[in-house]
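Student: Quick one: the structure is below, and I'll ask about it shortly.
The values are calculated or read from the model by the stated rules, or taken from the named source; none is laboratory data. Everything numeric here is computed off the predicted structure, so don't read it as measured data. Cβ coordinates were reconstructed from backbone atoms using ideal geometry, including for glycine residues, and neighbour counts include every protein chain displayed. For accessibility, only protein heavy atoms count, side chains too; no ligands or nucleic acids. Shrake-Rupley method; radii C 1.70, N 1.55, O 1.52, S 1.80 Å.
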Amino acid sequence: IYVGIDAIAIAMIAMVAARVVGAAPRARISWLVVLLALGVISYILSSRQDYGALVAEPFRVDFGAWHALMNLARNASTAWFMLICHALFHDGERTPRPLWVLIAVHLFLEEPVEWIFGDDWGPIFWVTFVHEAVPSFIQACYLALALYWLLRDREADLDATRRRARVFLLLVYGVQVVVSLLVERVVMAYEVVPYEWQYPVHVVLVCIGAGFSTVMVFALMSPSTLALLAPVPKPAEKPPSETDDSDIDVERIRHALEGEHIYRRNGLT
């Protein structure tokens, strides 16, 4: 049963990524979705090694050196989720450089710090603080930023598809991402949940993720949803000699609506 659940979840996640890339192969957000999908798939597969003692012998997997890379990929998922929210709700704005610095520090503390210094490079308390507590705090910051961008200006957003995207991503945020972060990284790490129950709890989280992915597959069948992925092209400017004043005004209004999305601003008269 567990193998079937894992297979369905991976298939749904792969379908979402394939659909997004197929619709907008050159859009930055499409490849952020691919990175997020790879992280979630790594999270599902690596659990067969993490919970090896609770997995039936024929279904245990030892990924060897690849396990560290898979762990890095799954822990980066919250960063990609944050950047997806930024791309969706900031209309083509560049990602602030401090965020890239924060992501680089986070990913360094997840695995490379252990590759460089080994398992026993300091007191156990200090190692746990650097390798677990700080990365967990940074992931919480990612999610706080994503939540802020999801909720900001939601009432002023006149794009119905974007409003639905806000609701859907908020559900993912509240049910899947936060629960997975709290349960997998905090609750289970400190054995609040009895060890023998940890793998079944993990499978429940995978089921929830598979459900969201299935809904997303159907949502991505709508052209209006896929239109969010590609940036709106700026209207071509006509030479002044070929237009009169009314044509110029039309182009200015069109650019304000399609290029600057001025209708999403609060207080617009």
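Student: Quick one: if you stick a label point 7 Å off each Cα along the C-beta vector at Trp66 and Trp115, how many nm between them?
Tutor: Inter-label distance under the simple model: 1.6 nm.
Student: Further, regarding this structure: How much FRET efficiency would the formula 1/(1 + (r/R0)^6) give for Trp126 and Trp100, where r is the Cβ-Cβ distance and R0 is 35 Å, rounded to 0.05? Each step should come with its number before you reach the end.
Tutor: On the way: r = 27 Å, r/R0 = 0.76.
After rounding to 0.05, the efficiency reads 0.85.
Student: Ordering Val61, Val215 by how much accessible area each has at a 1.4 Å probe, largest first, what is the list?
Tutor: Values: Val61 55, Val215 80 Å².
Greatest to least solvent exposure: Val215, Val61.
Student: Now for a different question. Between Glu57 and His90, what FRET efficiency comes out of the Förster formula 1/(1 + (r/R0)^6) with R0 = 51 Å and r the beta carbon distance, rounded to 0.05? Could the numbers behind the result be given before it?
Tutor: Working: r = 49 Å, r/R0 = 0.96.
Once the sixth-power term is evaluated, E becomes 0.55.
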